[in-house]
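The values are calculated or read from the model by the stated rules, or taken from the named source; none is laboratory data. No experiment lies behind these values; they were computed from the predicted model shown. All Cβ positions, even for glycine, are placed from backbone atoms using ideal geometry, and neighbour counts span all protein chains on display.
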Amino acid sequence: MASTTQFLISLPPKPPYLLSYSSPSKPRSINITCCLSIQQARNDQTTSSGSNALNSLRVAFAAGGTGGHIYPAVAIADELKLVNPTSEILFLGRPNSMESTAIPSAHFEFKSIPAVKLVRPFFSLRNLLLPYFLIKSITKCFTLLSKFEPHLVVGTGGYVSFPVCLAALLKGIKVVIQEQNSVPGIANRFLSLFADLVFVAFNSTVQSFPRKEKCVVCGNPVRLSLKNSVSKAVSRLHFFPWLEKMEGSSEEIKVILVLGGSLGANAVNIALLNVYSQLLLEHENWFIIWQTGVESFNEMESLVRSHPRLLLAPFLHSMNMAYAAADLVVSRAGAMTCSEILATGKPSILVPSPNVAEGHQHKNAFLMADVAGSRVITEDELDSTTLGLAICEILGDERLLAEMSQRALNAAKPDASAEIAKHILSLVKENS
């Protein structure tokens with residue numbers, strides 16, 4: 001688009017060329033048409049700068065401690081690579097930890113930093129050296145971030161994210177955080193004061209942050225594999241291959257998926273240990289997929305009798321298959337497990353852990369009961385009888401199964417990782 005600019009000039013008394021005039025002694029205004037649009041040039045420059053930033057996008061993630069902090073970060077990183085394949089991703093976490101093996105397995109670069117863990121209660125003598133270890137960790141993070149030069153740092157909570165995000169803020173790097181739980185932890189609550197954006201899973205969580213205008217309700221990012229549709233029949237054959245030769249209708253089969261957590265949930269394992277045999281004996285079409293957790297597996301394996309309709313495993317790598325195969329999920333109430341239950345539309349029985357800081361799992365469980373109709377059994381109430389009765393009540397009622405499944409799907413936010421990735425790209429582009 002052309003722009004018209006008006007100049008006021010004094011013409012010479014006898015010009016030998018193009019411009020003609022009527023009064024040489026008077027200044028005269030002349031319209032000069034330019035073929036360059038100043039505004040367009042500015043827009044082109046801004047667009048070019050934003051495009052260059054996205055073409056060379058570098059994002060660092062601070063994630064670790066538990067799967068609840070690691071898997072959301074991996075889901076966001078996967079989404080960034082999906083929409084912007086040239087993105088460079090770096091994860092920072094503790095050495096010899098869950099993240100040190102999970103992140104490389106997800107094909108992302110991983111660098112270790114010194115661990116800084118806040119011991120509760122806060123005034124414990126074990127926290128006396130906390131300032132020293134924190135400064136040491138921030139210094140290491142500062143060095144790694146200086147080498148990588150990210151456009152933005154994503155923190156997914158926990159004590160791993162704290163020194164990384166602090167180092168990023170000191171360097172003037174943009175920081176966003178993602179809170180999985182219904183109520184934020186100490187690290188995310190503090191970091192939210194300085195973060196550019198705060199991604200939360202639930203509407204009610206916004207009230208827990210002092211800077212509510214920075215909050216974006218997106219839901220929790222779930223593993224990319226869970227978005228890949230797998231049929232129930234195929235998934236069940238994955239765990240029980242002999243079903244292919246089974247006579248009768250497969251529609252009568254009911255599969256219970258028990259998730260003891262990545263490390264283990266002893267109370268859930270013990271309760272199921274005392275009732276699994278009776279459940280399988282009384283219901284010939286019931287099957288159990290039981291993830292005991294790595295730390296509990298050897299003990300459970302020595303106590304559980306082998307059964308063709310029971311699969312015992314320390315850890316399930318094909319979680320998309322496990323959820324697809326299941327009719328009912330029995331689990332702790334970790335934030336990511338709750339989000340995966342919603343995303344896959346599974347009826348659930350939740351046993352919140354009393355050992356998680358700030359009662360996160362209790363709050364998650366009762367929120368799930370409210371939005372998805374999940375049954376909550378506290379650890380004080382949990383035994384083989386209460387667990388067995390709850391399982392039988394839900395699996396024995398097709399109408400209830402369908403209702404719980406639909407409520408879970410209605411409450412799910414399956415596009416959380418895509419929405420978070422979109423906001424990250426926009427933030428980088430705006431500040432390029």
_Enumeration of residues in segment 347-389 that are within 19 Å of the chain's Cα centre (by Cα) and buried (at least 21 other Cβ atoms within 10 Å of the Cβ)_ = 360, 361, 364, 365, 367, 368
*asked:* So residue 292 ticks every box in (1) more than 15 Å from residue 308 (Cβ to Cβ); (2) modelled with pLDDT of 95 or more; (3) among the hydroxyl-bearing types (Ser, Thr, Tyr) but one. Which box is left unticked?
replied: (2)
*What's the number of the condition residue 301 fails, among (1) under 26 Å from the mean Cα position of the chain (by Cα); (2) without any contact (Cβ under 8 Å) to a residue 24 or more places away in the chain?*
(1)
_So residue 258 ticks every box in (1) out of contact with any Cys (no Cβ under 8 Å at 6 or more places or on another chain); (2) outside any strand (DSSP E or B); (3) not hydroxyl-bearing (Ser, Thr, Tyr) but one. Which box is left unticked?_
(2)
_When residues of segment 262-289 are limited to those that are under 29 Å from the mean Cα position of the chain (by Cα) and not aliphatic (A, V, I, L, M), the one modelled with the lowest pLDDT_ = 264
*Of the residues 259, 311, which single one is modelled with pLDDT of 95 or more and either under 21 Å from residue 392 (Cβ atoms) or not aliphatic (A, V, I, L, M) (or both)?*
311
*Just for helices (runs of 4 or more DSSP H) wholly inside segment 272-369: which have at least 1 residues that are closer than 30 Å to residue 410 by Cβ and assigned by the TED database to the domain that holds residue 391?*
276-282, 319-325, 335-344
